[in-house]
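What follows is one structure encoded as structure tokens, with my remarks underneath.
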Amino acid sequence: MFDALSSEFMRNALIAAALASVAFGVAGAYVSAKKIAFVGGGVAHAAFGGVGLAYWLGFEPLYGATAFALAASVAAARLRDGGAKDDPIIGAMWAAGMAAGVLFVDLKEGYAPNLTGYLFGNILTTSDAELLFIATVDAVILTTALVFRRELQAVAFDEEFARASGMPVGALNIVLYGIVGLAVVALARVTGIVLVVAMLTIPAAVALKFARGLGAAMIWSGAIGFAFSVAGLAIAYYLDLSPGAAIVFVALVVFLVVSFVGKRR
């Protein structure tokens, strides 16, 4: 692994993993507290529509993914606040995003690009521009989480209490879902859109087993997620495997072990 660090692509991969861990550390804690993991999955798959649109129109796919992820986040929050059930929302976003992405790619004349990196992650090809983009996303997520710290915590744990306290629950849900949408885009380079739910939920689930308080859970979730990423990258490097899948596999194994030990105790 130390030999691999002499390569720029591996250094960029580790930096990307560190930056992404900030995003999914914060968002994952909210997702676990509010129990909206599959909403995150729906937003992630909706983002694929933005990737396809970007290829069709010829601009940076990450920008398209960000626009679609935020639009899906706002739509999910508004519909949920209006009394709609989560399952139909998730199913519609999941299917529509993937279908739109494929259709947009089909509309592009000439060679169809390989979108596997966005579906299953390709952290080893992270560019300097993408690192800057992920760092910018981190800054937005951290600033938002700090400014609305108490309000978002109230909405995440107890919406009824937040509503009774006079908080603008609808607007706060949009902010919280927006954080999840941005984290999904940051994670797209690490695990891909298909596997993003794992890194939004597993590190936070492990962290919440011993962390006290939402802030501590965010820190621990980010640290645990980064450890998963490093271990997965090492396994992928030595065994010539897909990095995104290896990272998720490591996370799953650790989660199962921690859960088993917790039940034994």
**Q.** Rough spin-label spacing in nm, given labels placed 7 Å along Cα→Cβ, for LYS209 and ALA223
**A.** 1.6
Q. Once all Cα-Cα distances of the range 175-218 are split into 10 Å bins that start at 0, what whole-number percent is in each one?
A. 27, 48, 25, 0
Q. Ranked from highest to lowest mean number of other Cβ atoms within 10 Å per residue, what is the order of the peptides 233-245, 171-183?
A. 171-183, 233-245
**Q.** 30 Å Cα cut-off, lysine pairs counted over the range 4-264 (separation 8 or more, or different chains)
**A.** 8
Q.
Let me understand the range 4-264 better: what is its radius of gyration from the alpha carbons, and its Dmax, in angstrom?
A. 17.8, 58
Q | Extension reserve of the ALA164-LEU57 stretch, reckoned as 0.36 nm per residue once the Cα distance is removed | A | 33.9 nm
Q: Tell me the label-point distance for the pair LEU103, ALA139, using the 7 Å Cα-to-Cβ offset, in nm and rounded to one decimal.
A: 3.7
Q.
Give me the base-10 log of I(q)/I(0) for the range 136-181 at each q in 0.13, 0.21 Å⁻¹, Debye formula, one uniform scatterer per Cα, rounded to two decimals.
A. -0.26, -0.64
Q | Translational D in µm²/s for the range 124-225 (Stokes-Einstein at 20 °C, 1.002 mPa s, Kirkwood Rh from C-alpha pairs) | A | 145
(Q) What distance in nm separates the two pseudo spin-label positions at LEU132 and VAL74, each 7 Å out from Cα along the beta-carbon direction? (A) 2.6
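Bear in mind that the values in this text are calculations on the coordinates, not laboratory data. Bear in mind the structure is a predicted one, so any value in this text is a computation, not a measurement. In this analysis, Cβ positions are derived from the backbone assuming ideal geometry, glycine residues included, and neighbour counts consider all displayed protein chains.
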